[in-house]
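Here the structure comes first, spelled out in structure tokens, and everything after it is commentary.
The values are calculated or read from the model by the stated rules, or taken from the named source; none is laboratory data. In this text, all values refer to a predicted model and were calculated from it rather than measured experimentally. Here the Cβ is made from the backbone with ideal geometry for all residues, glycine too, and neighbour counts use every protein chain on show.
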Amino acid sequence: MSAAKEKNTGGILAKILVPAVLIAAGAAGWFYFKHSAPEIKRKPPTPRVAAVEAITAMRGDVRARVSALGVAKPARTVILRSRVSGEVRRVSPRLVPGGRFQKGEEIASIDPADYRADLKKAQSALERARADLMIEQGSRRVAEEELKILSETGAAEIVETDLILREPQLKKARAVVASAEADLAKAGLNLKRTSIRAPFNALTLERHVEPGSVAGSQDPIATLAGADDYWVEVSVPLDRLHMLNIHPRKGSRALVRSQTGDGVWEGRAIRLAGRLEEKTRLATVIVRVADPLGPAAGKKKAGRPSRPLMINDYVEVAFSGKTIRSAIPLPRKALRDGDAVWLYDDGRLRIVKADLAWKQDGLVLVESGLEEGEKVIVSDISLPVEGMPLVLMEGKKTKEENAP
């Protein structure tokens, strides 16, 4: 009985002492860690610094460039017509669209039989007229001798007149000879005109006849375009004309680039057309492109485009304009809204307004507002604020220059 009571008493004490000991141990551990933990010192947050790319502003003389769009046209176009009538005997196999002819090369021919007969008739008529003239010249000499004999005999006073000396008959005979010579020349010219030839180095645009067809005088044979040079009619805004520098005799250099291919051609701006386009109100500048088709045989020359310049091709033309003195060229991306420019100034952002002398493709020319040697930022900043700290990038590495 007593043993059972002692066992119960021990269990009750264990239940009371174990929690008490655990609570005391926890309190002692909390007290220990609280007083032995390291002290954490708070530091102020480090300001975020933007990394930027910059270029150095350099002042100098820069030649402006004016870019505009245009259309390629042949410098001269002609509808070649027959000067004589007759059956078309022969047509050159190259008389097809795109076919090329050298100056003087035969394009087509008219049946020459009738014109050869006319030439022989004209030759015969001339021979008869010359014979009649010789007879009349002999008659004049006879009349002169007769008049001389009568004058020497003194039988009667004879007045020398043109009629007595057969002057009218002689003039008529000479006129007949001149007319026969003209008829012969015309017959020879008509015979020559049966061979229709290219009036200049030409490209065939259109063919109007076939072998066996009958061509009348002034009927069209072919439409040809000059192959020696093309004109590009370039549309230029009026506010950019003042930068063009077109020499009155030599013109000025222009680079013609196709918008539909990889062709590039050297050209010369030769004149201002003197008119505005009716719809767009743009000025027209004529640019001459020499040898736009390349060699007729199709052989490539060193430095020539891979293809010929096509008629009606849309092209971009870059003119070499006037020289702008003491300007600072900057890439277009360096210019911000309102013609502002961002500068890297001793680790800080400085925003200035630039006065522009000229804008062109990918480039702006600054006249004032910048100083030579200043570092112009060409990269973007998400939230630009005047005076914000910056880091200047050098390649892939960044270098702080007096950044706080």
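Points worth noting:
- Test: Lys121 is charged (D, E, K, R) and under 49 Å from the mean Cα position of the chain (by Cα): no
- Test: Gly373 is modelled with pLDDT under 90 and not basic (Lys, Arg): no
- Test: residue in region 348-364 that is buried (at least 16 other Cβ atoms within 10 Å of the Cβ), in contact with a Leu (Cβ under 9 Å, 6 or more places away or on another chain) and in a loop (DSSP other than H, G, I, E, B): yes
- Residue that is surrounded by the fewest Cβ atoms within 10 Å (Cβ to Cβ) [pool: residues in region 53-84 that are part of a strand (DSSP E or B) and among the hydroxyl-bearing types (Ser, Thr, Tyr)]: Thr56
- In region 303-325, the residue that is nearest to Leu293 (Cα to Cα) out of those that are of a type in the set (Gly, Ala, Ser) and surrounded by 13 or more Cβ atoms within 10 Å (Cβ to Cβ) is Ala318.
- A single member of Lys322, Lys300 is out of contact with any Asp or Glu (no Cβ under 9 Å at 6 or more places or on another chain) and at pLDDT below 85, and it is Lys300.
- For Val391, the test of being farther than 30 Å from Ile286 by Cα and in a strand (DSSP E or B) is passed.
- Only one of the listed residues (Leu244, Leu255, Leu238) is hydrophobic (A, V, I, L, M, F, W, C) and exposed (fewer than 13 other Cβ atoms within 10 Å of the Cβ). That residue is Leu238.
- Test: Arg240 is out of contact with any Pro (no Cβ under 8 Å at 6 or more places or on another chain), of a type in the set (D, E, K, R) and touching a residue at least 24 places away in the same chain (Cβ under 8 Å): yes
- Within region 74-87, the set of residues being closer than 13 Å to Pro220 by Cα, of a type outside the set (Lys, Arg) and out of contact with any Asp or Glu (no Cβ under 7 Å at 6 or more places or on another chain) comprises Val78, Ile79, Leu80, Val84, Ser85.
- Residue check for Leu191: in a helix (DSSP H, G or I) and either within 30 Å of Ile311 (Cβ to Cβ) or in contact (Cβ under 8 Å) with a residue 40 or more places away in the chain (or both): yes
- Within region 223-241, the residues that satisfy the criterion of being more than 12 Å from Phe319 (Cβ to Cβ) and not polar (S, T, N, Q) are Leu224, Ala225, Gly226, Ala227, Asp228, Asp229, Tyr230, Trp231, Glu233, Pro237, Leu238, Asp239.
- Residue match in region 326-339 (condition: of a type outside the set (Asp, Glu), modelled with pLDDT under 90 and in contact with a helix residue (DSSP H, G or I) (Cβ under 6 Å, 6 or more places away or on another chain)): no
- Any chance Ser92 is in contact with a Gly (Cβ under 9 Å, 6 or more places away or on another chain), closer than 30 Å to Gly226 by Cα, hydroxyl-bearing (Ser, Thr, Tyr) and assigned by TED's automatic domain parsing to the domain that holds Ser217: yes
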